[in-house]
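The values are calculated or read from the model by the stated rules, or taken from the named source; none is laboratory data. Quick caveat, the model's predicted, so the values are computed rather than measured. Neighbour counts run over all protein chains shown; Cβ positions are idealised from the backbone, glycine included. Protein only, heavy atoms only, side chains kept; ligands, DNA and RNA dropped before computing areas. Shrake-Rupley method; radii C 1.70, N 1.55, O 1.52, S 1.80 Å.
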Amino acid sequence: MSKIDLNDVMFETMVIHAGQEPDKGTGALSTPIFQTSTFCFETVEEGAAKFSKEIPGYVYSRGGNPTNRALELKCAALEGGEDCVATASGMGAIGAVLLGLVKTGDHIVCGDTIYGGTSVVMRTNMPDLGIDVTFVDTTKPEEVEKAINEKTKVIYFETVTNPTLKLADIEEIAKIAKKHGVKLVVDNTFSPPPILSPLKLGADFVIHSVTKYINGHGDVIGGVIIGPKDDIAVIRGNYVTKICGTPPSPFNSYLVMRGMKTLPIRVREHCKNAMEMAEYLEKSEYVKTVYYPGLKSHPQHELAKKMLNGMYTGMIAFELKDDVKGLSAFEAGKKFLNNLKIASIAVSLGDPDTLIEHPASMTHASVPPESRLEVGITDGLIRLSVGLENVKDLIKDFEQSFAKL
Ligand SMILES: Cc1ncc(COP(=O)(O)O)c(C=O)c1O
């Protein structure tokens with residue numbers, strides 16, 4: 001048994017120790033990778049009792065696995081939630097939480113700026129299942145309230161939106177959700193603790209693509225849903241997680257836990273580098289607009305100061321000026337990305353490596369062009385995930401690429 005009272009230690013200590021105890025059989029400090037599909041029973045009676053949940057225990061890894069469970073407990077502690085269910089991807093987490101909370105005939109109020117994959121779920125898959133979705137600008141809580149009707153079961157948004165870095169006032173929207181008896185589900189992928197803890201502000205569920213900052217090493221696809229114990233038990237047993245089979249592999253869970261031990265250190269450094277990059281870009285003669293919540297020019301900088309714990313994420317979006325050496329912002333952007341040497345042209349985010357991409361043709365290509373433009377995802381928009389390289393090298397890389405425009 002761990003001797004640590006997790007409620008009595010600071011965040012950095014908690015995130016290292018939560019969910020993990022020395023292995024009972026061997027004393028191994030690091031959680032073993034239980035790379036097994038099934039678990040043996042001493043007797044038929046024991047198997048039957050475990051199947052019927054009369055006694056606790058593992059049966060089959062689609063329903064539960066000790067390495068996956070350690071990750072779940074660590075992520076529940078990370079977000080300050082009662083329980084967690086881990087999934088094989090962030091999209092698995094989004095599918096499982098939504099289909100755990102809504103059914104045909106229900107209605108979802110959804111943020112208008114969301115990851116492209118989530119947009120497909122909300123614009124196509126949910127309506128195909130007879131679930132209505134209304135998109136709203138979540139920077140305006142009054143718009144969220146106006147969109148609620150008697151069929152609304154869920155309000156869903158990204159805490160810091162992909163890709164334009166908009167913020168929603170979680171506390172305000174949580175009050176609205178409670179008033180109307182609606183569940184608030186947020187995707188906190190862009191701003192994991194220690195940046196932002198949505199459950200403490202009143203959200204009911206937090207999901208993460210742990211693929212990103214939480215694993216932090218660019219070598220895993222994974223997701224988690226964190227929320228109240230009883231609801232998580234229902235989601236764990238629903239047809240997405242259990243029947244369609246969305247659990248992660250134990251090896252991936254091991255890697256994510258390994259990454260999480262350095263989460264606070266990494267996140268602080270990502271945010272520090274991003275702040276410096278955002279200030280550099282804002283001064284650049286080639287750049288028209290920079291979207292970064294840490295900049296005073298960000299329309300919600302005051303909310304960011306209040307909500308984001310003095311760190312403003314490692315993500316930046318920016319647009320180049322039109323007519324740089326006769327090029328459109330889109331053409332200049334393409335040339336700029338193609339000439340970078342340190343930053344890799346790639347989707348995903350939160351890796352040690354700096355990644356840069358073009359949302360309109362990549363992460364958000366599946367969003368209808370008119371909906372994209374309405375929320376500022378123009379053809380010239382560039383999304384940057386600032387890595388952990390020395391920021392001076394990143395600036396040098398950008399300088400040499402701008403010079404080639
Ligand atoms: C904000 C956000 N949520 C969810 C996802 C989906 O996660 P995954 O790729 O792990 O399925 C992504 C992927 O980029 C994302 O950016």
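How much net charge surrounds residue 293 when only other residues with a Cβ under 15 Å from its Cβ are counted (Lys, Arg +1; Asp, Glu -1)? Write down the numbers at each step before the final one.
Numbers: positive: 166, 272, 296, 305, 306, 383; negative: 158, 169, 276, 279, 282, 302.
Value of the local net charge: 0.
Compute the signed sum of charges (Lys and Arg +1, Asp and Glu -1) over the other residues within less than 15 Å, Cβ to Cβ, of residue 61.
+4
What residues have an amide H closer than 5 Å to that of residue 83, excluding those fewer than 5 places away on the same chain, when H is modeled at 1.01 Å from N in the peptide plane?
Residues meeting the criterion, in which the H sits 1.01 Å from N, are 227, 229.
Using only alpha carbon pairs under 8 Å that are at least six residues apart, calculate the relative contact order of the range 263-403 and give it in whole percent.
Normalised by residue count, the contact order of the range 263-403 is 27 percent.
Mind checking the range 22-73 for trypsin sites (Lys or Arg not before Pro) that DSSP puts in a loop (not H, G, I, E or B) and that have at most 15 other Cβ atoms within 10 Å?
Answer by residue number: 24, 53, 62.
For residue 380, what charge total do you get from the other residues with a beta carbon under 14 Å from its beta carbon, if Lys and Arg give +1 and Asp and Glu give -1?
0
Report, by chain and number, residues whose modeled amide H sits under 5 Å from the one on residue 214, excluding near sequence neighbours (fewer than 5 apart, same chain).
none
What ranking do 216-224, 98-106, 39-47 get when scored by the average of other Cβ atoms within 10 Å per residue, highest first? Show your work: numbers first, answer last.
Details: 216-224: 22.1, 98-106: 18.3, 39-47: 11.4.
Going from most to least packed, we get 216-224, 98-106, 39-47.
Would you list 73, 29, 263 from the most to the least accessible area, probe 1.4 Å? Don't jump to the answer; show the numbers that get you there.
Details: 73 75, 29 135, 263 0 Å².
Ranked from most to least accessible, the order is 29, 73, 263.
Using a 1.4 Å probe, how large is the accessible area of residue 266, given in Å² and rounded to the nearest 10?
20
Output ³J(HN,Hα) for the range 151-168: one whole-Hz value per residue in order, computed from phi by the Karplus curve 6.51 cos²θ - 1.76 cosθ + 1.60 with θ = phi - 60°, and x for Gly and Pro.
Calculated HN-Hα couplings, in order: 9, 5, 10, 9, 10, 10, 7, 8, 4, 10, 6, 9, x, 9, 6, 7, 10, 10 Hz.
Spelling out what I want: for every residue of the range 307-324, take phi, set θ = phi - 60°, compute 6.51 cos²θ - 1.76 cosθ + 1.60 (Karplus), and round to whole Hz; glycine and proline get x.
For the range 307-324, the Karplus-derived couplings read 9, 9, 6, x, 10, 10, 6, x, 9, 9, 10, 8, 10, 7, 6, 6, 6, 6 Hz, x marking Gly and Pro.
List the relative contact order of the chain as a percent without decimals, with contacts defined as Cα pairs under 8 Å and 6+ residues apart.
Relative contact order, the chain: 16 percent.
Name the residues whose placed amide hydrogens come within less than 5 Å of the amide hydrogen of residue 187, ignoring near sequence neighbours (fewer than 5 apart) on the same chain.
For residue 187, the qualifying residues are 157, 158, 159, 207.
Sort 239, 115, 280, 292 by accessible area with a 1.4 Å probe, largest first. Intermediate results must be reported in sequence, preceding the final value.
On the way: 239 115, 115 85, 280 35, 292 0 Å².
Heavy-atom accessible area, descending, gives 239, 115, 280, 292.
At 1.4 Å probe size, with no ligands or nucleic acids counted, give the accessible surface of residue 288 in Å², nearest ten.
120
Please report how far the C-alpha centroid of the range 70-121 lies from that of the range 249-285, rounded to the nearest whole angstrom.
What the calculation gives is 22 Å, centre to centre.
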